[in-house]
Amino acid sequence: MSDVTDRFVTEAPAGHPNVTPRDAATLILLDRSGPIPKVLLGKRHHGHVFLPGKFVFPGGRVDPLDRRMTVAAPLDPRAVAKLMRQVKRPTAARAQTLALAAIRETFEETGLLLGTKRADAPKAPTGPWAAFAEAKVHPDLSSIHFIARAITPPRRSRRYDTRFFTADVSAIAGKVEGAVGPEAELVELIWMPLTEAKNLNLLAITEIVLEDLQTQIDAGFSHDLPVPFYRLLHGRRMRDML
């Protein structure tokens, strides 16, 4: 079995009651303005029970309100198709909700508003999305890339069916201060060269997805490229391509 899948499965101890994975999404902000691409990573608070001190991409669980947020432009149809492969009850709306969850979680954890700024406010639900309406930032999904999917192996304390997205730094349309700090979920943010990010304190899956991102960039960063899907199935380590 490949080193990639070995690292994915052994990243956390087993032994917990099995639970159904929850839909989740994460976003890798990418800066390609220099000779070496950089990615945005946040350091989790050392006091957190879950993943203390780890460097992670902004992300988290899908919220029911995400499906109610309006967008400036939809996901690329090729991304939608890959997002809905090997999914029960696949719909374009569900694919859009996953991408919106990644944008919302990025805002909540970093204060960054991703989208297109307009003269009018988007129609937004209550909660974190209200900040987009106040700033008149409309989430634009047309520039979002879907690059990986991973399901936490069974018998872990928390399980997620996570979709990894990327967006260019140019998608940042605004920022709300105060989201990052000593008492926040992320205590600091750093822009790290893609070639050096693996030297940080990362989860195995984070390191794997960074490698997948580099592969996508080297291959032209097209929506036509296959997307890896990591999971443990009947005791076997799997890396399918969507």
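Annotations for the structure displayed:
- For the stretch 169-189, residues that are closer than 16 Å to Thr26 by Cβ and at pLDDT 95 or above total 1.
- Residues within the stretch 51-83 that are part of a loop (DSSP other than H, G, I, E, B), at pLDDT below 95 and either under 17 Å from the mean Cα position of the chain (by Cα) or at positive phi (or both), tallied: 5
- Among (1) over 14 Å from the mean Cα position of the chain (by Cα); (2) assigned to a helix (DSSP H, G or I), the one test that Thr106 misses: (1)
- Counting the residues of the stretch 91-135 that are in contact with a Leu (Cβ under 7 Å, 6 or more places away or on another chain), in contact (Cβ under 8 Å) with a residue 60 or more places away in the chain, among the aliphatic types (A, V, I, L, M) and within 21 Å of Ala179 (Cα to Cα) gives 3.
- Members of the stretch 191-203 that are at pLDDT below 90 and under 25 Å from Asp140 (Cβ atoms): none
- Near pairs, Cβ below 7 angstrom, 6+ apart or cross-chain, from the stretch 72-90 (surrounded by 15 or more Cβ atoms within 10 Å (Cβ to Cβ)) to any residue that is among the aromatic types (Phe, Trp, Tyr): Ala79/Phe146; Lys82/Phe146; Leu83/Phe146
- Out of Phe164, Phe229, Phe221, sole residue that is at positive phi, surrounded by 13 or more Cβ atoms within 10 Å (Cβ to Cβ) and touching a residue at least 24 places away in the same chain (Cβ under 8 Å): Phe221
- All positions within the stretch 193-211 that are more than 21 Å from Arg156 (Cβ to Cβ) and surrounded by fewer than 18 Cβ atoms within 10 Å (Cβ to Cβ): Pro193, Thr195, Glu196, Lys198, Asn199, Leu200, Glu211
- With respect to the conditions (1) surrounded by fewer than 19 Cβ atoms within 10 Å (Cβ to Cβ); (2) within 28 Å of Gly34 (Cβ to Cβ); (3) of a type in the set (Lys, Arg), Arg156 lacks only one, and its number is (2).
Condition check ((1) farther than 27 Å from Pro21 by Cα; (2) of a type in the set (A, V, I, L, M, F, W, C)) across all residues:
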| site | (1), (2) |
| --- | --- |
| Gly127 | no, no |
| Ala133 | yes, yes |
| His145 | no, no |
| Thr162 | no, no |
| Gly174 | yes, no |
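- A count restricted to the stretch 150-168 and to residues that are out of contact with any Leu (no Cβ under 7 Å at 6 or more places or on another chain) and more than 20 Å from Asp31 (Cβ to Cβ) stands at 11.
- Which listed residue, of Val180, Val209, is in a loop (DSSP other than H, G, I, E, B) and of a type in the set (Val, Ile, Thr): Val180
- Those residues of the stretch 28-50 which are at pLDDT 90 or above, out of contact with any Phe, Trp or Tyr (no Cβ under 7 Å at 6 or more places or on another chain) and within 18 Å of Val187 (Cα to Cα), in sequence order: Leu29, Val39
The values are calculated or read from the model by the stated rules, or taken from the named source; none is laboratory data. Just so it is clear, the structure is predicted and the values come from calculations on it, not from any experiment. Here Cβ is always computed from backbone atoms with ideal geometry, including for glycine, and neighbour counts include all displayed protein chains.
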